[in-house]
Structures are given as structure tokens and as C-alpha cells.
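The values are calculated or read from the model by the stated rules, or taken from the named source; none is laboratory data. Treat the numbers as computed from the prediction; the structure is a model and nothing was measured. Here Cβ is always computed from backbone atoms with ideal geometry, including for glycine, and neighbour counts include all displayed protein chains.
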Amino acid sequence: MALAIRHDADLSALSTFRLPARARELIELTAPEQLADLPDSDLPVLILGGGSNTVFLDDWPGRILLNRIAGLHVERLDADHSLVHVGAGESWHQLVLRCMSQGLHGLENLVLIPGSVGAAPIQNIGAYGIELSDVLEAVTAWDWQRRETVALSTADCRLSYRDSRFKSSDHDRFLILSVCLRLSHHFEPKIGYDSLAAELGKRHLASPSPRQLAATVMRLRRHRLPDPARLPNAGSFFKNPVLPRELAEPLLEEFPRMPHWPMGDGRVKLAAGWMIERLGFRGYRIGDAGVYQHHALVLVNHGQATPGQLLDLVEHICKAVDDEYGIALEPEPCLTPGPLLIY
Ligand SMILES: Cc1cc2nc3c(=O)[nH]c(=O)nc-3n(C[C@H](O)[C@H](O)[C@H](O)COP(=O)(O)OP(=O)(O)OC[C@H]3O[C@@H](n4cnc5c(N)ncnc54)[C@H](O)[C@@H]3O)c2cc1C
């Protein structure tokens, strides 16, 4: 299908934080073959999926490729596993539901994460004790450097906690076209995560079915996170800091109630939301940029927030956390245009 180029396009509805911004060019991609039809240009390129992890702090001075590449194909591997090949523009949440309805398991804990399938490897999405890296088999991507389509194994993607080569060393190099997941025909619920285990316990679901597990995760998420359609946000705004054990231990002695999770590699993950909440930021706002009333890790746009208000809020929180705990918080969403030194 021919490519339509929108000029001076409004981006506010294409990012769930809904700050006002415009792009010089916006092009919707519905098939990988359309890449060959892209008009030559020296403009910087930004890929956008569902915009749930992208916050526009200013107009985008170049071209935005809106990834809407669809498609799903299941390949049976053996009696125990299938590979699921999915177009990068498919909705992640719908994918989880479709896999469950086909008896393919492993994604239940990741239900209701907004956004596209193609963005899932960018920050190795995770929730309730599962990360994409647990099920990812491979990624197919357009490599802007080599100007060819490449296949990347999970190891090639260098996934780690809310990070990957796509978000760090090879930022801007790849356009993910499709993702391949290895899912199981047998359901083995992963229910060790504290809040999930507690919620299942409350409902006497020691051995939940896939639907019960997904429904419980959805209930927890709806209770904890604001719906971007009602209160614009980008999910967790800060990454949980990960520290070597020798640096984490003195902090945990000083703040023994701080939630923390050993990473299994000698490092410890600390709860940024707890730190921010303890400093009294819940419900705090600068103009229309605020800290969510029910969860201090989430920043929200109460309606007419400006990039300046959001940056002031972020700086204020980062400074307070640094003063109290000696920790430099890192934003989790992609703040665009970047890179941007916040504090
Ligand atoms: C309410 C809420 C809850 C959330 N909960 C979670 C959670 O539990 N766990 C979690 O990990 N995240 C969570 N998120 C963050 C977000 O949903 C995920 O990061 C998601 O994967 C982003 O998908 P997207 O399509 O919206 O990405 P976008 O915001 O469109 O893009 C994010 C980044 O990926 C790049 N990108 C997108 N698509 C491609 C592609 N095809 N090829 C190359 N680069 C690409 C973009 O350039 C950008 O840098 C949450 C967000 C919200 C708003």
C-alpha cells in the first residue's frame, strides 16, 4: 500500500502522557515492504508504537514512523512448545489474550501492559515476576546501519532490567519488524511475586487457572495504575535502582523497611516508589504535572501539563531522592527528543 506522509503532525494523542508536540513528518507503516518506498531524507527518524513509554518534551524535528505492522503466526515446535511470530505493530495486551485462548502459556503475568509488541524488547517489559526475556526467542529487525533485515537471537538483544541494546548502545539502529516468542502448551503458573501471591491467597487460588491468574494480575494493575485514557501517564516514571550488594546493605540498614529484591548476580534492586512515597510526594503536583495519588512511582498529566512542569517535577523528585538516599534516579520512559540530562 502507498505510503501517506502527514506533515506538521499533531503527536499529543500518540503518546499516553499527552504532552503537546508536533512532528515534521509522520508516516504509518503497515508492512515491512513499505520500507523500500520511504522517500530519502536526512531527517532524524523516531519509531513510535503505542506511545506508552514515550514522553514528548518538545516537537520532533524529523520523521516519525508509526509502526502498525500486523500479523500472527503459530508454529508448533513439539509436544511442549510453539513459536509465536507476531508483527511488531500488534497490541501486546491483545497478544496475551489471543495466546491464552489458543492454549499457549507464559505471558499471563504480562497481561494489560499497554503498547505494541515491537516495543516489548526495547525495555524488556516485565511485571509480576516475569520479563519478556523469559519467553523471547528472536527478533526480526530492519538494521538502518547495514540497510538490511536481520534476525537477532535473545542473546543478541542484550536484555536486562528495563533495558536492551535497542535502548542503550544501539539506540536508533534498529526498527523491530516482528518478534518471536517461545510459549508452552502446559500451564505452569508463576505466582511467587509478593503482591500477586498475596492477592491469590486472599482469593484462595493456590493453583489458579490461566484465566484466574490473568484476571488477578488485571485486578491488581487496575487498582494500582491509572488508566492512561482517563489520566494520562507513562506507567512507572523511574526505574528501580539496582545497586551492588555492598552499596545496598548500608542503605537497607538505615532504612530497614525499604522493599528490595536480590537480583541473583550480587546486585540488589531497590524500590524507587517507596523512596519517593516516603518523602511525601504522593499527590504532589507542579501545575498539571503530578505524582499519582495512589502510587508514587507514576507521574501523571492532570490535563494541561507542560514539558517544563514535568521536568521541574522530575528534577524536584530526583534531587530529594539523591539528598535523602544518595541515589540518582533514572527515568524509565524515553524522553524525546533526548538524550536529556535531568539532574
Ligand atoms: C499504565 C501503564 C502501565 C505500564 N506498565 C508497564 C509494566 O508493567 N511493565 C513494563 O515493562 N512497562 C510498562 N509500561 C510501559 C510501556 O507500556 C511499555 O514499555 C511498552 O512496551 C511500550 O510500548 P509502546 O508501543 O507504547 O512503546 P512506545 O512508547 O511507542 O516506544 C517506546 C520506545 O521504543 C521504541 N520503539 C517502539 N517500537 C519500536 C520498534 N518497532 N522498533 C524499534 N524501536 C521501537 C520507541 O522509539 C521508543 O524509544 C506501562 C505504561 C503505562 C502507560
*Go over the candidates Arg22, Arg68, Arg6 one by one and state the one that is basic (Lys, Arg) and within 15 Å of the ligand (Cβ to nearest atom).*
Arg68
*If we scan the stretch 152-163, do we find a residue that is of a type in the set (Gly, Ala, Ser), within 11 Å of the ligand (Cβ to nearest atom) and surrounded by fewer than 19 Cβ atoms within 10 Å (Cβ to Cβ)?*
no
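For (1) touching a helix residue (DSSP H, G or I) at 6+ places or on another chain (Cβ under 8 Å); (2) under 28 Å from Pro20 (Cα atoms), each residue gets a yes or a no:
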{"site": "Arg222", "(1), (2)": "no, yes"}
{"site": "Phe255", "(1), (2)": "yes, no"}
{"site": "Leu270", "(1), (2)": "yes, no"}
{"site": "Gly280", "(1), (2)": "no, no"}
{"site": "Gly287", "(1), (2)": "yes, yes"}
{"site": "Leu299", "(1), (2)": "yes, yes"}
{"site": "Leu313", "(1), (2)": "no, yes"}
{"site": "Ile327", "(1), (2)": "yes, no"}
*Please identify the pairs in which a residue from the stretch 133-148 that is touching a residue at least 40 places away in the same chain (Cβ under 8 Å) has its Cβ atom under 6 Å from the Cβ atom of a residue that is part of a loop (DSSP other than H, G, I, E, B) and basic (Lys, Arg), counting only partners at least 6 apart or on another chain.*
Trp144/Arg173
_Conditions (1) in contact (Cβ under 8 Å) with a residue 24 or more places away in the chain; (2) small (Gly, Ala, Ser); (3) under 27 Å from Phe166 (Cα atoms): number failed by Gly266_ = (1)
*Being free of Cβ contacts under 8 Å to residues at least 60 places away in the same chain and either more than 11 Å from the ligand (Cβ to nearest atom) or crowded, with 17+ Cβ neighbours inside 10 Å (or both) is the filter here, so list the residues in the stretch 171-190 that pass it.*
Phe174
_I'd like to check something: does the stretch 174-195 contain any residue that is assigned to a helix (DSSP H, G or I) and within 24 Å of Asp265 (Cα to Cα)?_
yes
_Filter result for Gln123 (surrounded by fewer than 22 Cβ atoms within 10 Å (Cβ to Cβ), polar (S, T, N, Q) and in a loop (DSSP other than H, G, I, E, B))_ = no
*Give just the number: which of (1) away from the ligand (no atom under 11 Å from the Cβ); (2) in contact with a helix residue (DSSP H, G or I) (Cβ under 9 Å, 6 or more places away or on another chain); (3) not assigned by TED's automatic domain parsing to the domain that holds Leu175 does Val96 not satisfy?*
(3)
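Residue by residue, here is whether (1) within 12 Å of Pro337 (Cβ to Cβ); (2) in a strand (DSSP E or B); (3) charged (D, E, K, R); (4) touching a helix residue (DSSP H, G or I) at 6+ places or on another chain (Cβ under 8 Å) holds:
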{"position": "Asp8", "(1), (2), (3), (4)": "no, yes, yes, no"}
{"position": "Arg18", "(1), (2), (3), (4)": "no, no, yes, yes"}
{"position": "Glu28", "(1), (2), (3), (4)": "no, yes, yes, no"}
{"position": "Leu35", "(1), (2), (3), (4)": "no, no, no, no"}
{"position": "Ser41", "(1), (2), (3), (4)": "no, no, no, no"}
{"position": "Leu46", "(1), (2), (3), (4)": "yes, yes, no, no"}
{"position": "Val55", "(1), (2), (3), (4)": "yes, yes, no, yes"}
{"position": "Asp58", "(1), (2), (3), (4)": "yes, no, yes, yes"}
{"position": "Pro61", "(1), (2), (3), (4)": "yes, yes, no, no"}
*Name the pairs: first residue in the stretch 281-307 and within 16 Å of Ala320 (Cα to Cα), second residue of a type outside the set (Val, Ile, Thr) and modelled with pLDDT under 95, Cβ to Cβ under 7 Å, at least 6 apart or on different chains?*
none
*Among the residues of the stretch 224-246 satisfying the criterion of being in a strand (DSSP E or B) and more than 10 Å from the ligand (Cβ to nearest atom), which is nearest to Leu19 (Cα to Cα)?*
Phe238
